[in-house]
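Student: The structure that follows is given in the form of structure tokens.
The values are calculated or read from the model by the stated rules, or taken from the named source; none is laboratory data. Just so it is clear, the model here is predicted, and its values are computed rather than measured. Because the Cβ atoms are built from the backbone with ideal geometry, glycine has one as well, and the counts that use them run over all protein chains shown. Note: accessible area is taken over every heavy atom of the protein model, side chains too, but ligands, DNA and RNA are not part of it. Shrake-Rupley method; radii C 1.70, N 1.55, O 1.52, S 1.80 Å.
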Amino acid sequence: MGRVKTAVLISGRGSNLGALLAAAKAPDYPAEISLVVSNRAEAAGLDLAAMAGVPTRVLGSMRELEDVLATAGVRLTCLAGFMRLIPAALAERWRGRMLNIHPSLLPAFPGLDTHARALAAGVRLSGCSVHFVSAEVDAGPIIGQAAVPVLPEDTAETLAARVLAAEHRLYPRCLALVAAGRVRWEAAGLVWQAEPARGQLLNPA
Ligand code: GRF
């Protein structure tokens, strides 16, 4: 079976896109990044895609998204810093095939300004979560998580940087398991093909 064609949706820097592109270079990686879509023409991540030889598209409006994905024939979509809401109907049609990364240990701190809110709340651990996209923002079933310490001297920026390094380790592993069919979102919830697969998605080294 060929590798699973995957789109990555970005709005900015694209460092998670970079981590996914790097992982997908391995010949045995089960997904291929075959399209990068941005809602902003100036997103720096578009240059990363171009350097990797991956086709890019800039959306004029969110209404174009579903057609763009269908035309490219992608089977999976990864949101990676994509700052537009996914319409509920689209999330429903892509159920189990659209992933998102969020820089907190969900269900804590969904939405924006995550790190400042984590610091204000005084949590001792923060981290990141990869989850399937559902109609409700940052609320779909969690595929994998990685935790990092919150240090007394942290600012939102230093905490963000520590979490981001964990994001880059976590997202490629989560995409690999979904692309390989080892975790699926079925009616009753997530189904893991083998229990060890689930362990790989907790604080991956
Ligand atoms: C990441 O922190 C991600 O979790 C959040 O947006 C940020 C995107 O960063 N959703 P990058 O564009 O991947 O560098």
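Student: Express in nm, to one decimal, how much length is gained between residue 162 and residue 64 on full extension, taking 0.36 nm for each residue of separation and deducting their alpha carbon distance. Each step should come with its number before you reach the end.
Tutor: On the way: separation 98, 0.36 × 98 = 35.28 nm, distance 3.47 nm.
Taking 0.36 nm per residue and subtracting the Cα distance, the gain is 31.8 nm.
Student: Between residue 89 and residue 22, what is the label-to-label distance in nm when each label sits 7 Å out along the Cα-to-Cβ direction?
Tutor: Distance between the two pseudo-spin positions: 4.0 nm.
Student: Please report the base-10 log of the normalised intensity I(q)/I(0) for the chain, using a Debye sum with one equal scatterer per alpha carbon and no solvent, at each q in 0.08, 0.11, 0.14 (1/Å).
Tutor: Ignoring solvent entirely, the Cα scatterers give -0.25, -0.48, -0.79.
Student: If 5, 25 are ordered by their accessible area, calculated over protein heavy atoms with a 1.4 Å probe, which sequence runs from highest to lowest? If you can, show how the numbers build up before the last one.
Tutor: Details: 5 80, 25 165 Å².
In descending accessible area the options line up as 25, 5.
Student: Within 10 Å, at most 12 other Cβ atoms, and a DSSP state outside H, G, I, E, B define an exposed site. Report the longest part of the chain free of exposed GluC sites (Glu not before Pro). Each step should come with its number before you reach the end.
Tutor: On the way: sites that count: 42, 136, 153.
The longest uninterrupted stretch comes out as 43-135.
Student: Additional query: Sum -39500 (n - 2.57) across every DSSP H segment of at least 4 residues in the chain, then divide by the residue count to get the 222 nm mean residue ellipticity, nearest 500. Let's see the in-between values first.
Tutor: Working: 7 runs with 67 residues, N = 205.
About -9500 deg cm²/dmol.
Student: Still on this structure, I have one more. In nm, give the distance between the simple-model label positions of residue 42 and residue 108, each being 7 Å from the Cα along the Cα-to-Cβ direction.
Tutor: Distance between label points: 3.5 nm.
Student: Let me ask something else about it. Please identify the DSSP H helices in the chain that span no less than 20 Å along the helix axis (Cα) and have a mean Kyte-Doolittle hydropathy of 0.5 or more.
Tutor: Details: long enough: 156-179 (33 Å, 0.63).
Those that clear 20 Å and a mean of 0.5 are 156-179.
Student: Under a crude label model (7 Å from the Cα following the beta-carbon direction), how far is residue 120 from residue 186 in nanometres?
Tutor: The modelled label-to-label distance comes out at 4.2 nm.
Student: Turning to a different aspect of this structure: Regarding segment 1-71, what's the average projected area of the Cα-atom convex hull, expressed in nm²? Kindly include the intermediate steps, with their values, before the conclusion.
Tutor: Details: hull surface 18.8 nm².
Convex hull of Cα atoms, orientation-averaged projection: 4.7 nm².
Student: log₁₀ I(q)/I(0) of segment 61-118 at q = 0.24 Å⁻¹, via Debye over equal Cα point scatterers, no solvent, to two decimals?
Tutor: -1.07
Student: With every protein chain left in place, what is the accessible area per residue of segment 71-181 in square angstrom, probe 1.4 Å? The partial results should precede the final answer.
Tutor: Values: 4840 Å² over 111 residues.
Here the residues of segment 71-181 average 44 Å² of exposed surface.
Student: Could you tell me what percent of the DSSP beta bridges with both partners in segment 1-130 are antiparallel, to the nearest 5?
Tutor: Values: 2 of 19 bridges.
Given both bridge residues lie in segment 1-130, the antiparallel proportion sits at roughly 10 percent.
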